[in-house]
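Enquirer: Sharing a structure here in structure tokens format.
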Amino acid sequence: MRANVRFELLAKCGYAARGVVFILIAGLALFSGVAGGSPETKSALSTLLQQPFGRVWVGLIGVGLLGFVAWRLAQALADADQHGRKAKALIIRSALLGSAITYLGLAAYALGRAFAIGGNGGSGEQGFASWIMSQPFGPYLAIAVGIGFFVGGGVTILKGATGKFKRYLKLEHRSAASLICVYGLIARGVVFAVTGMLFVFAGIHVNPEEAGNMADALHWVRELPFGGILYIAVALGLASFGLYNFIESRYRIVRTPSLGRLGSALANVNQST
């Protein structure tokens, strides 16, 4: 019982840490025209690092994100959310595994900055695209990754629009919280989909510099007709996504996976590799 409580606390601290990151990103997005900031994850952490006790806060976020990684691994490998083993479920769990890898990198970056290990680093997306391009059939892999991002964005939008997120939350009659979740998920899905489009363009043109990050996706939105209004709407939506994570940290249903199931999942991964 105590282990279940500890794991739930680990997962919910992870959601809270991700919420802080997205609130910072939204703030950078809204004020980037004045301050010249870049609204993406590493810039958000770098901005926090410059504040009083910045290293402490960034270090705590890094530790919290490690908790989020542990929860994502439980969802992906041990099926903590009980998706099952059908094709659709395996796609969802694969996406959760990809999320675990992404946030593991961000957690490592945060802890590295907190303890003054390593440099600032460049755009994670462009660095990832460069690595993909260097592989056999690299441009095609970049296009495939971009399509994955785009589909993931669409799934996130549908998750918000259809209210499927409610099955994992104990919201009951909290309609205001539900609206925040819907708005945040749709905005996050839009940014995810645009990032996927930029990856596809990078693969088609064999140019990793075209693979954009969150800041580039927001810039793309700003270039659309009525782009200023859309940009503000999406930036506020990212703030809502941050609040959505805080809501999850409070009301998320967290099922602690059994050690036996997790061990079997890891054994299956080892056998497949």
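Enquirer: Length gain on complete extension for the stretch ASN4 to GLN82, per 0.36 nm per residue less the alpha carbon to alpha carbon distance? List each step's numbers first, then the result.
Expert: Working: separation 78, 0.36 × 78 = 28.08 nm, distance 1.64 nm.
Gain on stretching ASN4 to GLN82: 26.4 nm.
Enquirer: Let me ask you something else. In nm, to one decimal, how far is the modelled label at ARG250 from the one at SER134, with both set 7 Å along Cα→Cβ?
Expert: For the pair ARG250/SER134, the computed spacing is 4.6 nm.
Enquirer: Still on this model: Beyond a 23 Å Cα-Cα separation, which of these cross-linked pairs lie in this structure: LYS42/LYS88; LYS86/LYS170; LYS86/LYS164; LYS88/LYS159?
Expert: LYS42/LYS88; LYS86/LYS170
Enquirer: Quick one: Cα centre-to-centre distance for region 49-74 and region 218-232, in angstrom?
Expert: First find each Cα centre; the distance between them is then 31 Å.
Enquirer: Taking 25 Å as R0, compute the FRET efficiency from the Cβ-Cβ separation of PHE31 and ALA70 and round it to 0.05.
Expert: Efficiency for this residue pair is about 0.15.
Enquirer: Would you mind checking which residues have amide H under 5 Å from ASN207's amide H? H placed 1.01 Å from N; only 5 or more apart, or other chain.
Expert: Placed amide hydrogens put nothing under 5 Å from ASN207.
Enquirer: Right, next: Under a point spin-label approximation (7 Å from Cα along Cα-to-Cβ), what is the VAL151-ILE229 distance to one decimal in nm?
Expert: 3.4
Enquirer: Taking 0.36 nm per residue of separation and subtracting the Cα-Cα distance, what length does fully extending SER175 through LEU158 add?
Expert: Contour length minus the Cα-Cα distance gives 4.3 nm.
Every number here is computed from the coordinates shown, using simple stated rules; none is lab data. Bear in mind the structure is a predicted one, so any value in this text is a computation, not a measurement. FYI the Cβ positions are ideal-geometry reconstructions off the backbone, even for glycines, and counts take in every protein chain you see.
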